[in-house]
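The values are calculated or read from the model by the stated rules, or taken from the named source; none is laboratory data. Here the structure is a predicted model, which is why all the values come from computation and not from measurement. Because the Cβ atoms are built from the backbone with ideal geometry, glycine has one as well, and the counts that use them run over all protein chains shown. Ligands, DNA and RNA are excluded from the accessible area calculation, which covers all protein heavy atoms including side chains. Shrake-Rupley method; radii C 1.70, N 1.55, O 1.52, S 1.80 Å.
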Amino acid sequence: MNRGEVPGYEFEVPRGPRHASGPRHAIGHDQLRHLQRAAPEPGPRSSVLAASSGVLAVMRKRNWLMGLAAPILAAVAVGIAVVVIAGGGGSGGTAPSALAAGFPPARLAGASFTAGASRVILTAIGASAGTEVAAGGVNGGPALWASTDGGATWARAPLSGSSSLTRAATGQLAGVAHGAAGWLAVGTTLAGRGGLLVASSRDARGWTVTGGIARNAAAAAVAAGPAGYVIVGHQSAGGSGAAVAAAWYAPGLTGWRPAAISQQDQSGGQMMNAVTATGRGFVAAGATGTHPAAWLSADGRTWQQAQVPAPAGAVRAALDYVAANGGSVVAAGTEFSAAGASRPFAEVSADAGTTWTQVQLPVPGIGPGTGTTVTAMTAAGGGFTAVGTYVTQAGPEVVVWTLPPGARVTDGAAWVTVTPQGKGLAGTSAENAITALAADSATLTGVGFTAPLTASGTAGTQQPTLWQSPIR
């Protein structure tokens with residue numbers, strides 16, 4: 001298990017149809033298969049707190065080659081079993097609600113994503129004025145795909161730059177955003193000593209890939225606002241072996257400089273996992289040690305840590321996603337109990353991140369919901385939409401949370417939970433997940449995967465999926 005060394009992730013390297021064995025690679029096959037059958041232990045091993053920096057590295061979700069709920073993987077990494085929910089999605093659970101039935105199924109991403117590839121990971125998506133960009137990796141190297149018709153058709157985007165940054169097994173992209181100067185995708189490279197990987201484009205068609213911005217660092221997410229662009233992630237703390245939160249800023253697509261971050265606690269590891277633009281600047285979310293954390297910045301150059309309440313009863317928790325509608329901010333993640341049970345939670349703010357309130361996201365209406373995690377989130381239609389997975393006997397299935405327009409962001413009871421059915425979502429004896437979301441006009445677009453379960457209950461080849469739905 002990684003103990004905080006940066007880049008702190010293991011990239012997916014093609015190893016044949018199953019990509020079998022190894023400590024952690026793409027979520028959704030081997031590790032999650034074990035989770036579906038794990039029995040809960042009486043409590044966490046003694047290494048849980050001591051290995052907090054490594055836990056955080058594993059808990060880095062969505063934006064990494066781990067497309068599905070990396071918080072679940074953290075339980076495996078420290079020897080905590082996840083409690084399995086019985087029923088749901090073709091396993092004898094309750095019938096889907098009318099709202100759930102209104103969500104269309106996903107579809108296989110198709111040859112424009114998979115042609116010539118033995119392994120495709122989709123980790124992020126951005127949208128602006130009908131143009132959508134999906135980011136991730138192909139055969140362990142960075143990859144981007146673009147759509148100019150709102151996600152109906154896609155083409156893989158050419159990447160120009162050093163082959164040490166763009167070839168197979170060299171790294172992966174983790175986040176993508178659109179701003180005034182154009183498109184920016186970020187990730188981490190394995191070239192040299194590892195470091196930030198940046199791909200930029202004015203029009204989302206041709207991309208220039210560069211490195212060398214920061215070594216011994218990993219990028220997790222990117223956001224664009226009136227002040228420019230910011231990248232967040234983590235960086236080596238030197239001799240301590242722990243990771244510290246790190247951020248970089250630029251007025252446009254080039255000219256990156258490291259940001260100053262206050263209140264660094266290097267003893268337990270610290271990471272910025274997500275970032276969004278607000279009406280007052282930027283908000284980043286992540287974790288410090290075993291506790292959720294958030295940071296604020298007016299322009300991306302300096303960051304102040306905010307006070308964020310920890311979920312009651314959780315032995316560790318991290319925020320993995322953050323989105324904003326003006327001054328309303330929602331940061332979501334997964335918490336773990338001493339018994340290894342995972343539950344989704346959110347930290348919300350009505351004043352652009354100055355003060356925070358913790359709310360419990362509702363779980364599907366079957367079982368105790370202790371195998372539920374968040375896998376993606378976006379601001380949508382004046383409200384918020386998040387997706388996650390809940391573990392069933394039929395395999396991981398997708399759950400959707402919505403906070404409707406007009407609802408107070410601090411009203412935890414206003415969140416609506418649905419469990420949509422169909423391909424890539426549930427009911428197909430497969431592992432399913434939506435790993436990134438973006439909203440454009442009245443439409444949600446998600447990327448994810450489905451991995452059919454074999455007769456023996458193991459996951460087959462993971463197939464990338466696309467999901468589009470009207471914003472609800």
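Distant-in-sequence amide contacts of residue 213, defined by a placed amide H-H separation under 5 Å and a gap of 5 or more residues or a different chain, comprise 196.
Model label sites at residue 414 and residue 355, defined 7 Å from Cα along the beta-carbon direction, differ in position by 1.7 nm. For residue 335, the amide hydrogen comes within under 5 Å of the amide hydrogens of 343, 345, counting only partners 5 or more places away or on other chains and with H modelled in the peptide plane.
Taking every alpha-carbon pair in region 347-472 and binning the separations at 10 Å intervals from zero gives 13, 41, 32, 11, 2, 0 percent.
What order do 249, 229 take when sorted by accessible area (1.4 Å probe), most exposed first?
Working: 249 30, 229 5 Å².
Listed by decreasing accessible area, they come as 249, 229.
In order along region 462-472, the phi-based Karplus estimate (6.51 cos²θ - 1.76 cosθ + 1.60, θ = phi - 60°) of 3J(HN,Hα) comes to 6, 10, x, 10, 10, 9, 10, 8, x, 5, 10 Hz; Gly and Pro are listed as x. Working note: Karplus 6.51/-1.76/1.60 with θ = phi - 60° gives region 425-435 the couplings 10, 5, x, 10, 6, 8, 7, 10, 7, 9, 9 Hz, where Gly and Pro are set to x. If the chain linking residue 111 and residue 148 were pulled fully straight, counting 0.36 nm for each residue of separation and taking away their Cα-Cα distance, it would gain 11.6 nm. By definition, a body whose alpha carbon gyration tensor gives a ≥ b ≥ c is oblate when a/c is 1.5 or more and a/b is not larger than b/c, and region 126-236 fits this oblate description.
Amide H to amide H distances under 5 Å link residue 380 with 385, where only residues 5 or more positions off or on other chains count and H is placed in the peptide plane.
Each residue of region 161-177 was assigned a 3J(HN,Hα) from its phi angle through the Karplus expression (A = 6.51, B = -1.76, C = 1.60, θ = phi - 60°), giving x, 4, 5, 5, 9, 10, 7, 4, 6, 10, x, 7, 8, 10, x, 8, 8 Hz with x at Gly and Pro.
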